[in-house]
1. For L34, which sequence-distant residues (separation of 5 or more, or a different chain) have an amide H within less than 5 Å of its own amide H, given hydrogens modelled in the peptide plane?
2. Could you tell me what percent of the accessible area of the chain is made up of carbon and sulfur, with a 1.4 Å probe and every protein chain present?
3. Just the number please: accessible area per residue for the chain, 1.4 Å probe, all protein chains included, in Å².
4. Please report the net charge: other residues with Cβ closer than 13 Å to the Cβ of T211, K and R +1, D and E -1.
5. Just one of [x] 110; [y] 125; [z] 155 is volume of the Cα convex hull per residue in Å³ as worked out from the coordinates here. Which one is it?
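The values are calculated or read from the model by the stated rules, or taken from the named source; none is laboratory data. On a predicted model such as this, the values are computed, not experimentally measured, just so you know. Here Cβ is always computed from backbone atoms with ideal geometry, including for glycine, and neighbour counts include all displayed protein chains. We work out accessible area using only protein heavy atoms, side chains counted, and drop any ligands, DNA or RNA first. Shrake-Rupley method; radii C 1.70, N 1.55, O 1.52, S 1.80 Å.
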Amino acid sequence: MSAPLDIPIDRNSPVPMYFQLERAVEQAIIEGRLTPGDRIENEVALAKRLNVSRPTVRQAIQSLVDKGLLARRRGVGTQVVQNQVRRPVELTSLYDDLLTAGQEPTTELLDYQLGTPDADIAKELGVPADARFVTFRRLRRAGSEPLAIMTNHVPAEFAPAPDQLEAHGFYECLRAKGIHIALARQRIGARSATRAEAQLLDERTNAPLLTMQRVAFDDSGRPVELGRHVYRATRHFFDTTVRH
């Protein structure tokens, strides 16, 4: 059955009708009113019901397909795919955000090494070049779907054990040690996926990835981590509020 869509179209609005339709469907997916696997009415039926042109509907649907929210499947129609992960630009972890969103986070530890920090890491964190650091890399999934590759550089005294990182989120492990993140510098960007990243994330080589670098400090100002993470752009976005 096609998922029913109650979509008000304001014909007096300066906002293009295709964008009104696109935004309404996107909000329904984000809010859970449309769930993965739900089918959308075909373009002809939707255009007729909303009294808009078929090109208007086609443009809105194609934009949602490009965002990774809908997928066209031969013989099935247009379906909702897995919800994107919506994250506030705050001091939260992906593990905690997935739990809050009702999803099941799982972690595969890809690498775990003890050594000294590279020169750029030591500079970012303001630590001596001979400091003892643990570097670990993890693949984070929601259920069975890969979402992110996360690389963290952490002073050895703060680093969780490998089995803890696979069973829990990194920030949860820090809290268990009595370590509280009080301040962080965060940089969000984008780049193309390498072949190795694409294989891990089930994407094509050169697919767009969101990037985030975070340098975090505890209550006393001690550096706790330098995190460099990449996220599937089709399944992830950061949410922020701007006030004047």
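1. Long-range HN contacts for L34: I29.
2. Roughly 49 percent of what the probe reaches on the chain is carbon or sulfur.
3. Result: 54 Å² per residue.
4. +4
5. Working out volume of the Cα convex hull per residue in Å³ from the coordinates points to [z].
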